[in-house]
Amino acid sequence: MQILDSIIIGAGPAGMTAGIYLARSGRSCVIVEAGVAGGQVFINHLVENYPGFPEPIKGSELAELMEKQVRRLGVEIKNSLVTSINKEKDHFLVKGYNLELKSRTLIYAAGSKPRPLGIPGEERLFGSGVSYCSTCDGMFFKGKDVVVIGGGNSALHGAEYLEKICSSVSLVHRRDEFRGDLMLVERLKGSGRVKMLLSYEPLEVLGDKKVDSLRLKDVKTGKTLDLKCDGVFIYVGYQPQSELLKGLCDMDDYGYVLTDNSMSSSLKGLYCAGDIVKKAHRQMVTATSDGCIAALGVNEYLNKNK
Ligand code: NAP
């Protein structure tokens, strides 16, 4: 079996940027992706903070442009769910559905997945009114009443997307100040079509076979309230998809990988990039930046370890 210079796991902005840089350094590499190229960006309704796009661009469009660039440079994106990663002497062995690959280095850029709230009813009614993705599921709620939970950019973008489709959108946040960008908050307030319920804590998703209402607690008075709705969109952050790296390299208690300033993990030859990495800020530009640094690090490593 051919031993590649590198395998990149994840075709989000971090993985695709790593692919661009490795291809331009003349390194053999393959990107493996379980879903669609673009990762979280693909499901972002609008992106307006990525330099070079003066007008807001749909996340899916930006993801497709990145994928085109990667493919033009000759990097193959294989569609498979990776099930194991092992380091054997001087190479990595990656196995997945219909997949077995070997490489001298590996760039892990598998990103993150939505973090559940962990309240009663959430798991039971997932797919029956509970969702973590407005662009994927919003159309199922056309003309209906929905609630968005969270105060970060994901929740604000989600509310902005849904207010154009749904009959009503209530945005529930546990504090009276949003965490997300002021510009987005102002725009939502300006539209006047999103009802803001600040300082409310979600307690339970109610409904028999589908969502019927959301039970909330007014943090200031302690009183509870059942808010009638057909859908509940949960945006309370993300968690790293780093299960496959357990035991291979150092991570923090939450599963974020510890890297040095060349994105190298504690395991020789294993680099990480994007949302999987322990760092202060997770944005698309920071993910692409990580991907670039990881690829340059890999190139240097391969030069030193011929
Ligand atoms: P986030 O910024 O971590 O915000 C999570 C929100 O959920 C916070 O407002 C938090 O409240 C709330 N929350 C957490 N646990 C909760 C609980 N148990 N009950 C109720 N509320 C809870 O996550 P995010 O919005 O998904 O964003 C993640 C990163 O991606 C951020 O860096 C964000 O800027 C970035 N992002 C960027 C874009 C863009 O630029 N286009 C779009 C989306 C996301 P508190 O505020 O009280 O902690």
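The table that follows gives values for the structure above.
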item	result
Inter-part distance where the range 1-33 and the range 204-230 are each reduced to a Cα centre, Å	46 Å
Solvent-accessible area per residue for the range 74-136 (1.4 angstrom probe, square angstrom)	50 Å²
Rounded accessible area of R104 (nearest 10 Å², 1.4 Å probe)	70 Å²
Antiparallel %, DSSP beta bridges [both residues in the range 1-151], to 5	45 percent
Cα-centre dipole for the range 150-306 with unit charges at Cβ (Lys and Arg positive, Asp and Glu negative), debye to 20	160 debye
Over the range 157-243, relative contact order from alpha-carbon pairs under 8 Å, at least 6 apart, %	21 percent
Measure of compaction for the range 130-234 (Cα Rg per 2.2 N^0.38 Å)	0.99
Relative pair counts by distance (%), Cα atoms of the chain, 20 Å bins	32, 51, 17, 0
Estimated dipole of the range 130-234 in Debye, rounded to 20 [Cβ of Lys and Arg +1, of Asp and Glu -1, Cα centre]	120 debye
Solvent-accessible surface (1.4 angstrom probe) belonging to C249, in square angstrom, nearest 10	20 Å²
Förster radius 45 Å - calculated FRET efficiency between K306 and S167, Cβ distance, rounded to 0.05	0.10
Using θ = phi - 60° and Karplus 6.51 cos²θ - 1.76 cosθ + 1.60, couplings along the range 248-264 (whole Hz; Gly, Pro as x)	8, 8, 6, 9, 8, 5, 8, x, 7, 7, 8, 10, 8, 6, 10, 6, 7
The chain, relative contact order [Cα under 8 Å, separation at least 6], %	20 percent
For the chain, Cys with no neighbouring Cys Cβ under 4.7 Å	C29, C166, C229, C249, C272, C292
Accessible area (Å², 1.4 Å probe, nearest 10) - T224	90 Å²
Listed residue pairs exceeding 31 Å between alpha carbons, taken from K142/K209; K278/K304; K113/K217; K68/K209; K68/K113	K68/K209
Beta bridges by DSSP in the range 130-234, antiparallel share as percent, to the nearest 5	40 percent
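The values are calculated or read from the model by the stated rules, or taken from the named source; none is laboratory data. Predicted model only: the values in this text are computed from it and were never measured. Here the Cβ is made from the backbone with ideal geometry for all residues, glycine too, and neighbour counts use every protein chain on show. Please note that ligands, DNA and RNA were not included when accessible areas were found on the heavy atoms of the full protein model with its side chains. Shrake-Rupley method; radii C 1.70, N 1.55, O 1.52, S 1.80 Å.
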